[in-house]
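Each reported figure results from applying straightforward, stated rules to the coordinates on display, with no laboratory input. Keep in mind it's a predicted model, so treat the numbers as computed, not measured. Note: ideal-geometry Cβ built from the backbone for every residue, glycine included; neighbour counts use all protein chains shown.
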Amino acid sequence: MSYKRVLSIQDISCFGQCSTTVALPIISACGVECAILPSAVLSTHTAGFTGYTVRDLSGDFPAIFDHWKKEGIAFDAIYTGYLGSEDQIDYILDFYHSFEQKPLLVVDPAMGDNGKLYPAFDMDYVKAMRKLCEEADIMLPNKTEQDFLFGESGSEMKLKEGASIVLTGASRREGFTGVEVTGPDGVWYYEHEKLPEDRHGTGDVYSSAFVGALMNGKTMNEAAKIAADFTLACIREAQGDKEHFYGVRFELQLPKLIEMLK
Ligand code: PXL
């Protein structure tokens, strides 16, 4: 297996175990080089904290991309998560289009959960996110994000030929949830137990493990299952841990992830 390089583009929530602070360790644990581009720097993530600071780094994107282009830096995959602005989506698309040999584009729309958009986002952002999803090889929405992207005015969204959707939190019966992979070969479903207490940041844990597994040569369905089992183990470990309301102790489960990749 050749050594792979992923570019993760999402925020740094300095405290809170989500986005870059989970993507970097998880993808690295998978034996994959992980370059990062922080979309914004926040003191904490925006779910369950108040008064957090936000520094949007959109303005830095063009110069960073220009530098990388001059250096001829290439990636096997670009994985996007929580972004800081609509402008960033245009910058990312320009950068992606600049490659003759296109990296795999994996888009986690990371803009909402439990039926609502995160505080920073509105319908203009949803519209911009549709543009990015239309170029994606793989998108990883949760139910809320899927509804915002495909619902009402999004019904005309056209995915790239051969693109796949990995839908997380796809429950088909009480007490269980799962992952639904829809791609050129049809629909594949993996069901697992739904634990009573959910945790923030698990979408990012899932997407990062999925990208790491995919870069290890796993098929889409295998990667979807490995990421689900890993995320479930992280959530199980967090059950009843009220002090750790903001995320999961994913670090403790990394050996399990590495084992599953063997
Ligand atoms: O996990 C998604 C996420 C990432 N980054 C920030 C967030 C959230 C969800 O609320 O607030 C800053």
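Overview of results
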| read-out | value |
| --- | --- |
| Per-pair calculated FRET efficiency, R0 = 22 Å: Met157 and Asp94 via Cβ, rounded to 0.05 | 0.60 |
| Net dipole in debye of the stretch 5-261 [+1 Lys, Arg Cβ; -1 Asp, Glu Cβ; about Cα centre; nearest 20] | 360 debye |
| Per-residue Cβ neighbour rank within 10 angstrom, fewest leading, Met220, Met123, Met157 | Met123, Met157, Met220 |
| Cα centre as origin, Lys/Arg/Asp/Glu Cβ charges: the stretch 128-243 dipole, Debye | 80 debye |
| Normalised contact order of the stretch 5-261, rounded percent, pairs of Cα under 8 Å and 6 or more residues apart | 18 percent |
| Global form of the stretch 53-121, assessed from the alpha-carbon gyration tensor, a/c cut-off 1.5 | oblate |
| Rg/Rg_ref, the chain, where Rg_ref = 2.2 N^0.38 Å and atoms are Cα | 0.94 |
| The stretch 237-251 and the stretch 158-228: distance between their alpha carbon centers, rounded to Å | 21 Å |
| Ranked list, fewest to most other Cβ atoms within 10 Å of each Cβ, for Arg236, Arg199, Arg172 | Arg172, Arg236, Arg199 |
| Glu237-Lys262 pseudo-label distance in nm [points 7 Å out on the Cα-to-Cβ vector] | 1.8 nm |
| In Å, descending, principal axis extents of the Cα set of the stretch 155-262 | 45, 33, 21 |
| Extension gain (nm, one decimal) between Phe49 and Asp122, 0.36 nm per residue minus Cα-Cα | 24.3 nm |
| Ranked list, fewest to most other Cβ atoms within 10 Å of each Cβ, for Ser98, Ser85, Ser164 | Ser98, Ser85, Ser164 |
| Segment Lys194-Ser28, extension gain: residue separation times 0.36 nm, minus the distance between their alpha carbons | 57.0 nm |
| Calculated FRET efficiency for the pair His244/Lys69, C-beta based, R₀ 41 Å, to 0.05 | 0.50 |
